[in-house]
Every structure is written in structure tokens, then in C-alpha cells.
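For reference, the structure is listed below as C-alpha cells.
The values are calculated or read from the model by the stated rules, or taken from the named source; none is laboratory data. Everything quoted here is computed from the prediction, not taken from an experiment. Positions of Cβ are generated from backbone atoms using ideal geometry, with glycine treated the same way; all protein chains shown enter the neighbour counts. Heads up: the accessible areas ignore ligands, DNA and RNA and are worked out on the full protein's heavy atoms, side chains in. Shrake-Rupley method; radii C 1.70, N 1.55, O 1.52, S 1.80 Å.
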Amino acid sequence: MTHWFHRNPLKATAPVSFNYYGVATTPAATKICNDLRTSRTHLLELFTDLNCNPDMMKNSADSYFSLLKGFIVSLDDSSQDSKLRYVQNFKWTDTLQGQVPSAQQDAVFELVSMGFNVALWYTKYASRLAGKEDITEDEAKDVHRSLKMAAGIFKHLKESHIPKLITPVEKGRDLEARLIDSFTIQCQAEAQEVTIARAIELKHAPSLIAALSYETANFYQKADQTLSSLDPTYTIKWRKYLHLKSCFYMAYAYCYHGQTLLASDKCGEAIRSLQEAEKFFSKAEVLCKEYGETKGPGTTAKPSGHLFFRKLGTLVKNTLEKCQRENGFIYFQKIPPEAPQLELKANYGLVEPIPFEFPAVHAQWTPESLAAFDLTKRPKEDGAKPKPEEEVKPLKEPDIKPQKDSGCQIS
């Protein structure tokens, strides 16, 4: 598959024991605590396990979140919080801002932070699959679905859970609206890349491919603009990626729009469209070089060496030469001074996030098991917040080097 995606690091977190000696007064309450600890540990381990697949991730995440929700929601479906919501302090780092964690004594903070990591895992899983040399049609569908899943999780966190945090999100942190929006839009854009590759392989109409490419370029541009007001120290590498992908798909759009114009005997306009494709491809080449040289959080690669990039350059060159030959032999049309305005709207293939909901509260949570947590027996020192500047060890992510692309298309 001819794709390469930029990825930011996973969030890291401090261990949580869920040991409430004296507070958990029955075996049922103690079992909930033990299961919370083991399910959290297992989920964190899966984030960096190359053998993990979406079914494994969903089962593990559902197991932990269903138990955690007993710390958040009332069991009688009222709007009241669980009495346990504020008993535990949680610490999480940010994907962009290094290993100094944010800390909140709030189970909702844990829910949205772990949910954020689950969404990131889906993007990384999609990236690994898309980088394989021989990707099957089913694997391509997995890439597409995983990116839509991630977009749905990010969207759900922003709309339904982050607003419930008692402590407002700091500017530039992962849970801030601008970053969540950029992640969501990027996932949609990358999923549409898979759609475009499929449309090209099945030789769909150039007008459809041009429209999808134009919409995808606009997605990347929107994601880039959303990050424009954030500190460039943390976002410059990510923004280089978004900008280069925007230019890349604008080149695709003008290239296939040129083919549509040529098929309508508008050869002069087709040449001008292909010239514009060349211009955007040259911009993308420059940005590829800048991306490779830019330091910052995220993956390191040389995208200009990937087949997905090289193939477009060849396609633009060959299509332009064909148009010029046709114009010299048949059409003799003037080439307009201005590039054609792309007012393309795709009627098919546009990506929407898959709706996401956290699982229901685990069956272990009953009025009796909740009542067995006696907060009057909680030691006073448990409530003391740790120093927020304390270091949290980063997750050891597998070093996935971009594989050489053999040029295999989605079968």
C-alpha cells in the first residue's frame, strides 16, 4: 500500500494500584480494585504490543472502562457523580509536551486520557498495516475502519466527556479542543487516502478521484490551520506533515482534474491544470525535505523516498506530456494564464467518524459493592496531590522503521 502517516507519541502514565486498604470493606469491593489494577496494566501493555489487533484492544479497553465507570457515574442512572470519582489521583503526560505530567484527582481525567491513548493506538495500528509491502483488501479495510474508529473516539471525548472535567484543560495540552479537532480531521483525511487509492486502482472516473483528492487536501489544510495558534516548538513537525499532505493531494486533484478536462476536449485548460499539479508537487517535495530535517515529537521518515510520493510525480509528468502532445497535434488551444478553480464536491467516498460510546458499567458494580467502599476510613494523607513536575516513564513504543514499498496496490 502506498501510504505513510506521521504519528505522535503515546501518552504515558504513572502506575495506579487501586489499593484502598480499609476503604474496600468486602471481598466484592476488593475484587473490583484488583480487577481495575490488572485490567489497566493489561491495557497499557497492549498499546505497545505489535501482536495486538482491534478485537484484543476493544476487549481490553471495554473491560477497564466498564470497571472505571463505577468510579464516575451513579448506579441509579441519575445525574449525580459516583462517590468514588475524586478518590484517586491520576497522572498523564502529553503527546507533544514531553514527560512532565498533568495530574488530576478525577476519574473522568483517567477516562478521557486512557480513551485518547486508545484512539492513538488505532491510528498507529492503521499506520503499521498501511506500511506493509503486501497488503490485502481486508487489511486495507482494517486501515480504513481503524482510522474512522479513532476519529469517532476523539470526537466523543471532546463532545461528551472532556467538558465534564472539573479542572479546565491547559492550553496546548492533548485534551484541548484544537488538538482533539486536529487529530479527528487528520484521521478522516488519512482514511480518505485509502478511499482514493482504491478508486485509482479500480479505475473510477478521474472526476471522482479529483473531487476526493480535493476534499482530502482541504481536510489536511483545516487540520493544519487548527494547530496554527499553538506553540510551534511542539507542533512544527506535525504541521509540516499536514501541510505537505495538503499540497500532495492538491497535486492529485489538479492532475485528475486535468484528465477530466482532456476527456472533454479542453486540452489547453488541462495543460494549465497539470502545470498547477506540478507546482503543488514541487511544494510537497520541499516540505518533505523540511519534514525530515525538523526536530520534534513524532515519527521520523523521509516521505519523498516512499513510493506513494514518487508515483504521483511520475503520473503528473506523464499526464502533462500527454496533454502537450495532444495539443500540439490535435487541439492547438491556448493555455489559460490562470489555473482552473477547483469547485469539486465528492458525492461518494467521504469519511465520517464511526460513532463511539464507552461500555456500560461492569456487572460487578451493584449498590452493595459500591456501599462497601467506606470513605470515612480513608487515610487523610491519601488525598495529598503528588508534585505535578514528577517524571513519568514514557511508553516504550516499538521502533517501526518504514518498510520499502514494493508498489503493490490494494488487491
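Checking [x] 5, 21, 28, 20, 13, 8, 4, 2, 0, 0; [y] 4, 17, 20, 17, 14, 11, 8, 6, 3, 1, 0; [z] 5, 21, 32, 28, 12, 2, 0 against P(r) over Cα pairs in 10 Å bins from 0, in percent calculated from these atoms, the matching label is [x]. Evaluate E = 1/(1 + (r/R0)^6) for Lys393 and Asp76, where r is the Cβ-Cβ distance and R0 equals 35 Å; express this FRET efficiency to the nearest 0.05. So the FRET efficiency works out to roughly 0.35.
Taking a probe of 1.4 Å, how large is the accessible area per residue of segment 117-194, in Å²?
Numbers: 2740 Å² over 78 residues.
Using a 1.4 Å probe on heavy atoms only, each residue of segment 117-194 averages 35 Å².
Taking loop as defined by DSSP and a crowding limit of 12 other beta carbons within 10 Å, which GluC sites (Glu not before Pro) in segment 141-190 fit? For GluC sites (Glu not before Pro) across segment 141-190 that sit outside H, G, I, E and B with at most 12 neighbouring Cβ atoms in 10 Å, the list reads Glu170. Angle of helix 177-201 to the longest C-alpha principal axis of the chain, folded into 0 to 90 degrees and rounded to 10: 50°. Loop-located GluC sites (Glu not before Pro) in segment 80-144 (DSSP state not H, G, I, E or B) with no more than 12 neighbouring Cβ atoms inside 10 Å: Glu133.
Of the peptides 77-83, 207-213, 11-17, the ranking by mean beta-carbon count within 10 Å, highest at the top, reads 207-213, 11-17, 77-83. What does a probe at Asp374 reach in segment 1-43, counting residues whose amide N is under 11 Å from the point 7 Å along Cα→Cβ? It comes to 22-26, nothing else. Normalised by the number of residues in the chain, the mean separation of alpha-carbon contacts (under 8 Å, six or more apart) gives a relative contact order of 28 percent. With each label modelled as a point 7 angstrom along the Cα→C-beta vector, the Ala177-Glu133 pair spans 4.8 nm. Scan the chain and report its longest stretch carrying no chymotrypsin sites (Phe, Trp or Tyr not before Pro) that are both in a DSSP loop and have at most 16 other Cβ atoms within 10 Å. For chymotrypsin sites (Phe, Trp or Tyr not before Pro) (loop position, at most 16 other Cβ atoms within 10 Å), the longest site-free span of the chain is 22-331.
For segment 89-95, putting each phi into the Karplus relation 6.51 cos²θ - 1.76 cosθ + 1.60 with θ = phi - 60° gives couplings of 8, 10, 10, 9, 7, 10, 5 Hz, in residue order, rounded to whole numbers and with x for Gly and Pro. Computed in the context of the full set of protein chains, the accessible area of segment 1-131 at 1.4 Å probe radius has 51% of its extent on carbon or sulfur. Working from label points 7 Å from Cα in the Cα-to-Cβ sense, the Lys279 to Glu357 distance is 5.0 nm.
Centre-to-centre, using Cα atoms only, segment 237-267 and segment 81-132 are separated by 36 Å.
Per residue of the chain, the DSSP helices (runs of n ≥ 4 H) give a summed -39500 (n - 2.57) that works out to -17500 deg cm²/dmol at 222 nm. Counting only alpha carbon atoms, the long axis of helix 107-130 and the longest principal axis of the chain meet at about 30°. Relative to the dominant Cα principal axis of the chain, helix 232-263 is inclined by about 40°.
In this structure Thr41 has an accessible area near 70 Å², from a 1.4 Å probe over the protein heavy atoms. Working from label points 7 Å from Cα in the Cα-to-Cβ sense, the Lys311 to Asp265 distance is 3.4 nm.
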